[in-house]
1. Of the conditions (1) aliphatic (A, V, I, L, M); (2) in a loop (DSSP other than H, G, I, E, B); (3) touching a Leu at 6+ places or on another chain (Cβ under 8 Å), L85 fails just one. Which one is it?
2. Quickly run through segment 110-128 and pick out the residues that are at pLDDT below 95 and either of a type outside the set (D, E, K, R) or under 26 Å from N186 (Cβ atoms) (or both).
3. Looking only at segment 213-232, which residues are of a type in the set (K, R) and either assigned to a strand (DSSP E or B) or free of Cβ contacts under 8 Å to residues at least 12 places away in the same chain (or both)?
4. Out of N68, N83, report the one residue that is without any contact (Cβ under 8 Å) to a residue 40 or more places away in the chain, of a type outside the set (D, E, K, R) and either within 24 Å of A232 (Cβ to Cβ) or surrounded by 15 or more Cβ atoms within 10 Å (Cβ to Cβ) (or both).
5. Please indicate, with yes or no, whether at least one residue in segment 205-216 is farther than 23 Å from G133 by Cα and modelled with pLDDT under 95.
6. Can you report the number of residues in segment 174-221 which are surrounded by fewer than 14 Cβ atoms within 10 Å (Cβ to Cβ) and out of contact with any strand residue (DSSP E or B) (no Cβ under 7 Å at 6 or more places or on another chain)?
7. Can you name the residue in segment 90-109 that is assigned to a strand (DSSP E or B) and closer than 27 Å to P185 by Cα and is also farthest from the chain's Cα centre (by Cα) among such residues?
8. T148 passes all but one of (1) under 25 Å from S88 (Cα atoms); (2) in a strand (DSSP E or B); which number fails?
Amino acid sequence: MEINNNQHHTLVFLLTLLLVSCSQSHETKKPKEIDRATKKEITTTSTDSIQPKKGKQILVGYYDNYENLPQLVFDSVSEREFNKLKASKFLRSIKPKQKGNDFYVETAVRTHTFKKYKNYGEPKNWYGYQLKGIYPALKLFVLTKNSTADHLGFGELFLLDSVTDHQYVISSIGDGSVETPIPSPNNQYFVYYDNTMYELQNSDIRILKINDKENPEKYLTEYAYFNSTEFAVEQIIWKSDQCFYVKGYKQIYDESSGQWFKEFKYYRTNFK
């Protein structure tokens, strides 16, 4: 069949129109695919960025860190002067949710599960945790981890930040955990102590500086310390952020009665 010039021109026009239409259709779909991929990538990134992160475990209170720091100096005071002070209630007791052998502590980041401390009937050892309370102003939970092995007891105390989820483990001075740290009136310092188990009048008193939470890893730092070979600690009471008093004692053996009793003495320290 022969095609004249008019038919030839018409056919070329139709073919050109068809190719342009297909090309436009293909280009129209392509941006939509890119948009979907971009949208998916942005959504994933946004979701990941708001996922909470678990807090770190930070160890504080090592003796090596205290060695080069100032030592506290104590003066003797009267019982009457000590008794003028009033101990503040710095811990609030709380009753956590419990289930079976576990209890739960919630921070702003996650819920922690802790095994209760008790004798589970195991022949050689057992372990568990105890919740001692919370510092309301500092938003710190106080917990102890206790364990028993070969008839010996061990423990450590740590502070769990309810806001950042960081755990501040305070290094034990002896086998057991240190006594609960006592915050100064305006929450500038913690003082804590430990009485040596195997000596009659020996104790360690240590101070931690409470810093800004904007740098959680440096929130608690070693500040000053004291080691006593003259008395063990019965009680510590803050008078101000740079002054606290100690009720100390010696163990005295009364031969006539065959009993031990405590002989109390009182001390005060000021520091900068």
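The values are calculated or read from the model by the stated rules, or taken from the named source; none is laboratory data. Everything quoted here is computed from the prediction, not taken from an experiment. Every residue, glycine among them, receives a Cβ derived from its backbone with ideal geometry; neighbour counts consider all protein chains shown.
1. (3) is the only condition that L85 fails.
2. Residues satisfying the conditions are Y117, N119, Y120, G121, P123, N125, W126, Y127, G128.
3. Scanning segment 213-232 gives a single hit, K218.
4. After ruling out the rest, the residue left standing is N83.
5. Checked segment 205-216: at least one residue is farther than 23 Å from G133 by Cα and modelled with pLDDT under 95.
6. Counting residues in segment 174-221 that are surrounded by fewer than 14 Cβ atoms within 10 Å (Cβ to Cβ) and out of contact with any strand residue (DSSP E or B) (no Cβ under 7 Å at 6 or more places or on another chain) gives 8.
7. R92
8. So T148 meets the others, but not (1).
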